[in-house]
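What follows is a single structure, written as structure tokens, with notes after it.
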Amino acid sequence: MRNDRLLTVRLEHSDSAGTLFAEFRFTPRSIISVNGQPVCDTCTVLVTITPLPGLYAFTITPATLVFSAVGSPVVTLSYARYADLSVYDSSARYPSADAYSQALALWYERDPGTWQEERNSSHTGATTVLSAVDAAVPHLLAALK
């Protein structure tokens, strides 16, 4: 991707309808550096987004990407069709599948085994979550237990 251009990347489920899994928007100059080297406006950066099988999760590589704090990439996750909301009953925190659904947010693995909610993860619809992506690390759509 060229750092001075808007790039939108759609990841779809493999069903025949092309159901949306995630849509990423990399705004111009959203990448500050790679491997400790500054990224110029017209530089091209190879970014890979990999969905993690069986989860509403993804990772972005290379891990050495540093995103702009004020213009970081944004992702919209859509979980209407394939999310298993029946797991709400594994926690006393959620009285219904709907309550569990509304508690879902985007989390990232800050350090190995340590997860933190993204700074502005929020629902934009009944089954869509929008969030900034602050780091090139594993991300997971989840709710507290």
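The values are calculated or read from the model by the stated rules, or taken from the named source; none is laboratory data. Being a predicted model, the structure only gives us computed values, none of them experimental. Backbone-built Cβ (ideal geometry, glycine too); neighbour counts: all protein chains shown.
A compact table of results
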{"quantity": "Breaking point among (1) surrounded by fewer than 17 Cβ atoms within 10 Å (Cβ to Cβ); (2) touching a residue at least 24 places away in the same chain (Cβ under 8 Å); (3) hydroxyl-bearing (Ser, Thr, Tyr), for THR59", "calculated": "(1)"}
{"quantity": "Breaking point among (1) touching a residue at least 24 places away in the same chain (Cβ under 8 Å); (2) under 14 Å from the mean Cα position of the chain (by Cα), for THR50", "calculated": "(1)"}
{"quantity": "Hits in the range 105-135 - residues which are assigned to a loop (DSSP other than H, G, I, E, B) and out of contact with any Asp or Glu (no Cβ under 8 Å at 6 or more places or on another chain)", "calculated": "PRO112, GLY113, ASN120, SER121, ALA126, THR127, ALA135"}
{"quantity": "Any hit, the range 128-142, residues being surrounded by fewer than 12 Cβ atoms within 10 Å (Cβ to Cβ) and in contact with a strand residue (DSSP E or B) (Cβ under 9 Å, 6 or more places away or on another chain)", "calculated": "no"}
{"quantity": "Qualifying residue in the range 95-104 (condition: of a type in the set (S, T, N, Q), out of contact with any Pro (no Cβ under 7 Å at 6 or more places or on another chain), closer than 27 Å to GLN37 by Cα and outside any strand (DSSP E or B))", "calculated": "no"}
{"quantity": "Counted residues, the range 130-145 - those being among the aliphatic types (A, V, I, L, M) and touching a helix residue (DSSP H, G or I) at 6+ places or on another chain (Cβ under 8 Å)", "calculated": "2"}
{"quantity": "Residue ID - surrounded by the most Cβ atoms within 10 Å (Cβ to Cβ), chosen from residues in the range 1-35 that are within 18 Å of the chain's Cα centre (by Cα) and of a type in the set (Lys, Arg)", "calculated": "ARG25"}
{"quantity": "Any hit, the range 94-110, residues being crowded, with 16+ Cβ neighbours inside 10 Å, modelled with pLDDT under 95 and farther than 27 Å from THR127 by Cα", "calculated": "no"}
